[in-house]
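Here's the structure we're looking at; comments come further down.
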Amino acid sequence: MSDKILVIAETKEGELRNVSFEAIAAARKIKPDGEIVGVVCADDDLENLAQELIYYGADRAVTVKHEKLKSYTSEGFGQAVLAVIDQESPDGIVMGHTSVGKDLSPKLASKLDTGLISDAVDIDVDGDQPVFTRPIYSGKAFEKKVITSGLPFVTIRPNNIAALERDDSLTGDISSVDVDIKDLRTIVKDVVRKTTEGVDLSEAKVVVAGGRGVKSADGFKPLYELADVLGGAVGASRGACDADYCDYSLQIGQTGKVVTPDLYIAVGISGAIQHLAGMSNSKVIVAINKDAEANIFNIADYGIVGDLFEVVPMLIEEFKKVAV
Ligand code: FAD
């Protein structure tokens, strides 16, 4: 029988997060001929979500529906996923390296008594052995890891392993697992989102990030406009968050979010090492800074030395001309 890899999907506001589809592609890299089983846990509308996993390359999908899975808790989702693992006996597990993945994966790995490779950005196969690449020292170097015994269990960084093309002619079995989720010690009463609109920062293909150089909350408005024209999200340095120009949920860096967009535009950001830790693996980096000696220019692919209050409006105007 072929090897079976479970992909634990993740939802946000009732939709599957893109990293779930990337995790299916990662599972396919680990076991090209294996069976890929998508797992989705929620309190509602699971058929559609399960079907979507199949369209993105899962051979079949397993759902767990329970009222206690309305919001993520490590206890509730831990019990649900462990029940599926128990039933399926997989030969590997993949999930996103998101806030949920970072919380759930170590818990599952310890329960399963297996190792965990977290934050993989690439997967190669050497013979039958998957080789995982992950950043170390805040992204300054990469290490390659293999699992020599136990279950390959890996979390993948969003935006690094391309999802397979969606194909709505694909079919697969959808089954459900009944789980009696015990009383939870943590109950989520309400979720208050500080950033409700627009593209999810950690999965955005374009990020326009502002720093202390933006000088005020009002100064961030053109950055939102630029992000909007480019279909991207706004991020920030800690300098900007500390100065109260924007919310901490936008912070990128060592103590903020890690992003890997196709295009990162750093506006009025000096390029402190702690900021670079969250964005230096972006595919193309553009820096706008009036100080030609700013550290950000050392990692930028394109640098614009100038006043951001002049440069950003010009970029908005020019990108508007080419935007479809
Ligand atoms: P500054 O360093 O003040 O840079 C502002 C830049 O704007 C300057 O380069 C200036 O030339 C430019 N500028 C000013 N006016 C204009 C203009 N009109 N046009 C163009 N350019 C202009 N930082 C993070 O970002 N993320 C983290 O996760 C993080 N974690 C940290 C963890 C620890 C433990 C510590 C100690 C620090 C951390 N920091 C983090 C803070 C980090 O060290 C820097 O202080 C911070 O990144 C600086 O933010 P900044 O670049 O916006 O501000």
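What follows draws every value from the coordinates through simple rules; no lab data is involved. Note that the structure is a prediction, hence the values are computed from the model and not measured. FYI the Cβ positions are ideal-geometry reconstructions off the backbone, even for glycines, and counts take in every protein chain you see.
Data for the structure
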item: Gain upon complete extension [Thr186, Ser110; 0.36 nm per residue less C-alpha separation]; result: 25.3 nm
item: Once exposed loop GluC sites (Glu not before Pro) are cut out (DSSP; at most 12 other Cβ, 10 Å), longest piece of the chain; result: 14-164
item: Length-normalised contact order for the chain - Cα pairs under 8 Å, 6+ apart - percent; result: 14 percent
item: Cut-off under 5 Å, modelled amide H: who pairs with Glu35 long-range; result: Asp3, Lys4, Ile5
item: Dipole-positive endmost among Ala236, Pro313, Ala217 within the range 206-323 (Cβ charges, Cα centre); result: Ala236
item: At most 13 other Cβ within 10 Å, DSSP loop - trypsin sites (Lys or Arg not before Pro), the range 216-324; result: Lys283
item: Too-long pairs where the Cα-Cα distance tops 30 Å, listed order kept, from Lys31/Lys189; Lys4/Lys102; Lys215/Lys320; Lys65/Lys140; result: Lys31/Lys189; Lys65/Lys140
item: At most 14 other Cβ within 10 Å, DSSP loop - chymotrypsin sites (Phe, Trp or Tyr not before Pro), the range 112-208; result: Tyr137
item: Principal-axis tilt of helix 18-30 within the chain, Cα atoms, nearest 10 degrees; result: 60 degrees
item: Mean separation of Cα contacts under 8 Å (6+ apart) over length of the range 167-324, as relative contact order %; result: 19 percent
item: Ala243-Val322 pseudo-label distance in nm [points 7 Å out on the Cα-to-Cβ vector]; result: 2.9 nm
item: Residue order, fewest to most beta carbons within 10 Å, for His275, His66, His97; result: His66, His97, His275
item: Point-to-point label distance, Asp168-Ser89, nm (Cα→Cβ direction, 7 Å offset); result: 3.8 nm
item: Computed E for Lys140/Lys215 - FRET, C-beta separation, R0 22 angstrom, nearest 0.05; result: 0.15
item: Label-point gap, in nm, between Lys283 and Glu310 - each point 7 angstrom along Cα→Cβ; result: 3.2 nm
item: Semi-axis lengths, Å, the chain, gyration tensor of Cα atoms, sqrt of 5 times eigenvalues; result: 37, 21, 18
